[in-house]
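Let me begin by presenting the structure, written as structure tokens, before commenting on it.
Readers should treat all values here as calculations from the given coordinates under stated rules, not as data from a laboratory. Computed from a prediction, not measured in an experiment: that's the story for all the values here. Because the Cβ atoms are built from the backbone with ideal geometry, glycine has one as well, and the counts that use them run over all protein chains shown.
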Ligand code: HPA
Ligand code: ZN
């Protein structure tokens, strides 16, 4: 098997997927029709043609518009189920899924509809597809600390249905430290902590995520390479980076996939992982990200296996489940 074939075939975990970013144009139109909403795009093709992004904000504007068709519990369930079928096809065996409740509650959608719809899809994925899945609630960093606290409060009745919190949306100008007190409260609640940092923002934002928020993973983190002391710290602590190569390409974080820092991150000994971020918008799910990265950077068989192992190492699963996932990988490599 070539490294590319191996990358597609082996079991893997996805740890950086915004479920609203898995909403394909076809499903956006179907949900708009089901909910009696009209869209400012004439067709699926016209909508897809608008997916030409210059930076993170140009994407977020369209991403939030797409998510506006989600109104009812069944909409959230159907969106997540469509993602799970794609994940299964790519041999994803475990996934930790971001969701953005503020995008929905601000439109009057009840928190219960969001969380119950997603959570029932996770249960179904476990039962019908053998994929283990958990939810991570993301705070929108362009909104206030007060809004984040109110969102946490509204979500707490559903505490058993999500395992952690994250921080996403417009990065530059909204440093992690803006949410230090919210994350401190989440830590007291035994929630797992992650944050987007170092996608467009500087290495200083990654330091803040680590030191002020006390995150257990960094989402993206590709700009860490600009700060050798930070790279040394990330390597020393085996701090996972959930890297999203096609996202970085589509949002112009890198000019070409051949310039992507993934190989340099691995060679520096960091616990880097491959993820799809917003697969409906960035041109591919897990295996598209794996395959195109392996080819552009000429990654070796060992690199591919390291990436899959890293995805399990970085997962928020029990020791027992982690051992099971690692064993599945070992089995796939020898067979
Ligand atoms: N970065 C920040 N916020 C996001 C992203 C991302 O890549 N995707 C969805 N929300
Ligand atoms: Zn993201």
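Results, tabulated for the structure shown:
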| item | result |
| --- | --- |
| FRET efficiency, residue 181 to residue 65 (Cβ-Cβ, R0 30 Å, nearest 0.05) | 0.45 |
| If the convex hull is drawn through the Cα atoms of the stretch 19-144, its volume per residue in Å³ | 115 Å³ |
| Extension gain (nm, one decimal) between residue 236 and residue 163, 0.36 nm per residue minus Cα-Cα | 23.7 nm |
| Residues in the stretch 63-94 reached by a label modelled at residue 123 [backbone nitrogen below 14 Å; 7 Å Cα→Cβ] | 74, 77 |
| For peptides 89-98, 241-250, 260-269, sequence by mean Cβ density within 10 Å, most packed first | 241-250, 89-98, 260-269 |
| Using a Förster distance of 56 Å, the FRET efficiency for residue 34-residue 229 (Cβ separation, nearest 0.05) | 0.60 |
| Virtual spin-label span in nm between residue 258 and residue 2, 7 Å along Cα→Cβ | 1.7 nm |
| FRET efficiency, 1/(1 + (r/R0)^6) with R0 25 Å, evaluated for residue 89 and residue 52 via beta carbons | 0.40 |
| Chain lengthening between residue 26 and residue 318 when straightened (0.36 nm per residue, less Cα-Cα) | 101.5 nm |
| Zero-based 10 Å bins, Cα pair distances in the stretch 107-181, whole percents | 17, 44, 28, 10, 0 |
| Cα-projected label distance for residue 106 with residue 43, points at 7 Å along beta-carbon direction, nm | 3.2 nm |
| Dimensionless Rg ratio for the stretch 213-278, taking C-alpha atoms and the 2.2 N^0.38 Å reference | 1.05 |
| Estimated 222 nm signal from helices in the chain, with DSSP H stretches of n ≥ 4 weighted -39500 (n - 2.57), rounded to 500 | -14500 deg cm²/dmol |
| Mean shadow area of the chain over all directions, Cα convex hull, nm² | 15.7 nm² |
| Relative packing of 139-151, 214-226, which averages over residues the other C-beta atoms within 10 Å, highest first | 214-226, 139-151 |
| Gain on full stretching of the segment that runs from residue 150 to residue 333 - 0.36 nm per residue minus C-alpha separation | 61.2 nm |
